[in-house]
1. Restricting to the range 44-60, give me the number of residues that are among the aliphatic types (A, V, I, L, M) and closer than 13 Å to TYR26 by Cβ.
2. Give the residues of the range 5-19 that are buried (at least 19 other Cβ atoms within 10 Å of the Cβ) and within 20 Å of VAL74 (Cα to Cα), sorted by residue number.
3. Take the residues of the range 29-87 that are at positive phi and modelled with pLDDT under 90: which is most open to solvent (accessible area, probe 1.4 Å)?
Amino acid sequence: KNQNKSIATSELREYRDQTVNLSNDYIQELNCSGFGSCVGSTIIAWNNSVCNIICDGYLSCLDAVITIDQCDEVEIICKGDKSCNTAEIDINSENNDRVSI
């Protein structure tokens, strides 16, 4: 595997209606912290030891499609006001004891 990778949004509506692939690394983290960041996006995390998706901006990850596959540990945090509303989250993990939403 490669190295750790973290992507943090800071601008208004950053990664809106885009596809974000987080794959083949040890730790992958996407932090959608800007207002409306990751809205309507397709977020795919696979083949990582740790997959973290953090939606803490107002309306962040609204209508997002989040797919997690083959990650040893998964954490999805929706703590922004109205974050993750109507999001679709699909987790395929053999280690379900290490999944937290």
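The values are calculated or read from the model by the stated rules, or taken from the named source; none is laboratory data. Because the structure is predicted, anything quoted here is derived from the model rather than measured. Using ideal geometry, Cβ is built from the backbone for each residue, glycine included, and neighbour counts are taken over all protein chains shown. For accessibility, only protein heavy atoms count, side chains too; no ligands or nucleic acids. Shrake-Rupley method; radii C 1.70, N 1.55, O 1.52, S 1.80 Å.
1. 2
2. The one that is buried (at least 19 other Cβ atoms within 10 Å of the Cβ) and within 20 Å of VAL74 (Cα to Cα): THR9.
3. GLN70
Okay, residues lined up against (1) in a strand (DSSP E or B); (2) over 13 Å from the mean Cα position of the chain (by Cα):
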residue	(1), (2)
TRP46	yes, no
LEU59	no, yes
LEU62	no, no
ILE68	yes, no
ASP72	yes, yes
CYS84	no, no
ILE89	yes, no
